[in-house]
1. Taking segment 82-103, which residues are at positive phi and surrounded by 15 or more Cβ atoms within 10 Å (Cβ to Cβ)?
2. Just give me the residues in segment 134-187 being closer than 19 Å to residue 111 by Cβ, small (Gly, Ala, Ser) and open to solvent by less than 30 Å² (accessible area, probe 1.4 Å), in sequence order.
3. Residue by residue through segment 112-124, note down the ones that are aliphatic (A, V, I, L, M) and open to solvent by 10 Å² or more (accessible area, probe 1.4 Å).
4. Got a number for residues in segment 178-195 being part of a loop (DSSP other than H, G, I, E, B) and among the hydrophobic types (A, V, I, L, M, F, W, C)?
5. Can you confirm whether segment 119-134 contains a residue that is of a type in the set (Val, Ile, Thr), more than 18 Å from residue 190 (Cβ to Cβ) and not in a loop (DSSP other than H, G, I, E, B)?
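The values are calculated or read from the model by the stated rules, or taken from the named source; none is laboratory data. Owing to the predicted nature of the structure, the values given are computational and were not obtained by experimental measurement. For neighbour counting, all protein chains shown are included, and Cβ atoms are generated from backbone atoms with ideal geometry for every residue, glycine included. Heads up: the accessible areas ignore ligands, DNA and RNA and are worked out on the full protein's heavy atoms, side chains in. Shrake-Rupley method; radii C 1.70, N 1.55, O 1.52, S 1.80 Å.
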Amino acid sequence: MAGRSSGIVAGLTAAALAGIGFLTFQANASAPDHLAKAPHSPSASPSPSAGASGSGGQGKKGNGGKEAEAAVPADSGTGKRVVYALGAKRVWLVDESGKASRTFEVTPSTVDPAPGTYSVTSRAVGVLGSDGVRIVKVVRFAVTEGVAIGFSAAADGSTPQPDPGSRTGGVRESLKDADAMWDFADLGSTVVVVK
């Protein structure tokens with residue numbers, strides 16, 4: 001009888017922990033962008049490079065980093081990192097060896113992060129974006145002028161230009177590229193922003 005009681009207690013405890021985990025996930029996924037963590041100041045300001053400014057719009061989106069003209073920008077740090085070139089409107093997912101495993105074009109937000117080095121501060125599977133669009137695979141890394149900045153994809157896969165009159169921080173990717181970013185950039189991962 002005692003063994004059966006301890007089994008029931010263990011089962012109830014496991015169910016309670018699962019419920020708490022689910023509620024924690026729900027709270028994180030439904031939190032509005034303005035409740036993101038406090039602003040993160042850039043710790044370094046990498047110099048812009050010719051590679052960053054010369055590769056905008058070249059080649060295919062999400063090509064896996066195979067185009068020579070979309071080389072990882074110089075002065076974007078070392079080691080595993082996400083590199084986001086503001087002028088080129090392009091992201092590189094760079095492995096420990098310094099090689100890009102993937103590069104793709106993005107649609108920038110209306111509020112840009114300052115050039116510098118950041119860390120991924122929060123992630124959410126799906127939320128309502130500050131522009132009212134349902135977004136998925138949200139990877140936040142900065143707060144600028146009170147606006148949370150992060151990579152995401154619209155749930156419907158669209159990447160329209162944001163309304164220039166609104167203050168948004170969503171750097172939009174295709175659904176396929178958002179999957180790659182989600183798999184690559186865990187909490188604490190380095191994000192380097194260059195001009």
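1. The answer is 89, and nothing else.
2. Result: 142, 148, 150, 152, 153, 154, 169, 170.
3. 114 - this is the single residue of segment 112-124 that is aliphatic (A, V, I, L, M) and open to solvent by 10 Å² or more (accessible area, probe 1.4 Å).
4. The qualifying residues number 2.
5. yes
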